[in-house]
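The values are calculated or read from the model by the stated rules, or taken from the named source; none is laboratory data. Keep in mind it's a predicted model, so treat the numbers as computed, not measured. Positions of Cβ are backbone-derived with ideal geometry, glycine not excepted, and every protein chain shown enters the neighbour counts.
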């Protein structure tokens, strides 16, 4: 299958109006040659060390044999269940790769104690873990790693036989892994997490789980020359122009609805969402990605351009862009398009200045976790709290939800953030469509805390026109983090509270609903949405 991008309507007009400038400025070939001056003087310090992804399809070829050899070694020892401990780009790319390939990978990108418990409940005798982190300092990944190390030891298993580390060379995590005798795969340090799908971060867990990582790289390599060409049919330039410059009645469409329609690629929108949101959402600007399906109510909104992932031979209709091609090619074209769009809107696509603020706030909340804010009121089994949102005169969940939605401007969006066990409570995701129908506005849905490493950057650094609904729950079976003075339940509560504080300090309204019973509480919220 080849890579094709087709455009129609206003998306086609955006390309016509901007493509020649991109061609004349040789943007594509300059990206391919790692020209770090493309995004302005202020971006050069970061962009000069973050362009390794343009060569990942070639540079990562050397990893394939070692990954397959390790997979065969594990299989010979009866080890065929793999758990990935990672966050953000480290987990989202392998999840897409393995789901699309139809192979099993347990993606553990949560601090929800019950979800941790599900991962621990699998057959430990046939389990190995992949721990993915550029530095090793990510609190979620470190906590997950410690928990599985204890589980292996408790089961009488040598943890050195079951732990695989993916990290940057020279990182603290690499030094610790060497001391522990773990297997180590080094990633390219010049590739940021959200651009790392074709590096060790994407390939190691996917390859161990059984995905065809050689084909993935081959498909990306085959389109590399096309994406580096300075001509008006370059798919990366076309898609980038659509993302940044599709017209609306008031200017440009600053939201993109990502729709999978007839493609064999599974879950691609979640990966593209973190790429676009974290790359573009800063200094009050940005493109808001919204993962949709073919019947989502946002299709047709004036400020949302639709990007449809389609089967080969399907063309765009309406005002949309349609992208067809295998997964490896899709990864690369969206990376090109995102940095092209960033140039057009005047953004550094490689930094994430607001992600760290949520981490700092979570650490602070964890240190003072005994001082939990009392709820404004309790409605049945639901505790209601708010930040930068007055609930004066409100006494039930429905009223609180109504008050939050009243904060939505005409061009705004609602972010639903579910700090829940996504294994046991997948129905939480159904709230997205309910709220989209109720508001007539774009609604994003994110599982907490993983979205903090992706769309969380847009929430805090992007345009100030969002409203934020946090849904949290007490752990049914809390788990202490080995070697730390906190539990997973305390950690995820601190992450939610810390992020709420940061959003509120930026003047963004937050409603937090803490559910005493998750199933019943979700029904209450669904009724409020209706």
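Show me the helices (runs of 4 or more DSSP H) entirely contained within the stretch 419-530 in which 3 or more residues are more than 30 Å from residue 300 (Cα to Cα) and not assigned by TED's automatic domain parsing to the domain that holds residue 273.
The qualifying helices (runs of 4 or more DSSP H) are 488-505, 518-529.
Counting residues that are within 18 Å of the chain's Cα centre (by Cα) and at pLDDT 95 or above, which strands (runs of 3 or more DSSP E) fully inside the stretch 280-353 reach at least 1?
In the stretch 280-353, the matching strands (runs of 3 or more DSSP E) lie at 288-292, 304-310.
Residue 430 is checked against (1) buried (at least 24 other Cβ atoms within 10 Å of the Cβ); (2) farther than 17 Å from residue 388 by Cβ; (3) at pLDDT 95 or above and fails just one. What number does that condition carry?
Single failed check for residue 430: (1).
When you go through (1) over 24 Å from residue 257 (Cβ atoms); (2) buried (at least 24 other Cβ atoms within 10 Å of the Cβ) one by one for residue 481, which number turns out not to apply?
(2)
Given the conditions (1) surrounded by fewer than 16 Cβ atoms within 10 Å (Cβ to Cβ); (2) assigned to a helix (DSSP H, G or I); (3) not assigned by TED's automatic domain parsing to the domain that holds residue 305, and given that residue 45 satisfies all but one, which numbered condition is not satisfied?
Unmet condition: (3).
For residue 238, all conditions in the list (1) in contact with a strand residue (DSSP E or B) (Cβ under 6 Å, 6 or more places away or on another chain); (2) surrounded by fewer than 20 Cβ atoms within 10 Å (Cβ to Cβ) hold save one; what is the number of the exception?
The failed condition is (2).
Within the stretch 81-199, considering only helices (runs of 4 or more DSSP H) that don't extend past its boundaries, which have at least 3 residues that are within 16 Å of the chain's Cα centre (by Cα) and touching a residue at least 12 places away in the same chain (Cβ under 8 Å)?
Passing ranges, in order: 89-101.
Would you be able to say whether some residue in the stretch 300-309 is out of contact with any helix residue (DSSP H, G or I) (no Cβ under 9 Å at 6 or more places or on another chain) and free of Cβ contacts under 8 Å to residues at least 40 places away in the same chain?
Scanning the stretch 300-309 turns up at least one residue that is out of contact with any helix residue (DSSP H, G or I) (no Cβ under 9 Å at 6 or more places or on another chain) and free of Cβ contacts under 8 Å to residues at least 40 places away in the same chain.
Is it fair to say residue 506 is surrounded by 24 or more Cβ atoms within 10 Å (Cβ to Cβ) and over 25 Å from residue 149 (Cα atoms)?
no
Does the stretch 403-414 contain at least one residue that is assigned to a strand (DSSP E or B), free of Cβ contacts under 8 Å to residues at least 24 places away in the same chain and surrounded by fewer than 16 Cβ atoms within 10 Å (Cβ to Cβ)?
For the stretch 403-414, residues assigned to a strand (DSSP E or B), free of Cβ contacts under 8 Å to residues at least 24 places away in the same chain and surrounded by fewer than 16 Cβ atoms within 10 Å (Cβ to Cβ): absent.
Could you identify the single residue in 13, 65 that is assigned to a helix (DSSP H, G or I) and outside the structural domain of residue 238 (by TED's automatic domain parsing)?
After ruling out the rest, the residue left standing is 65.
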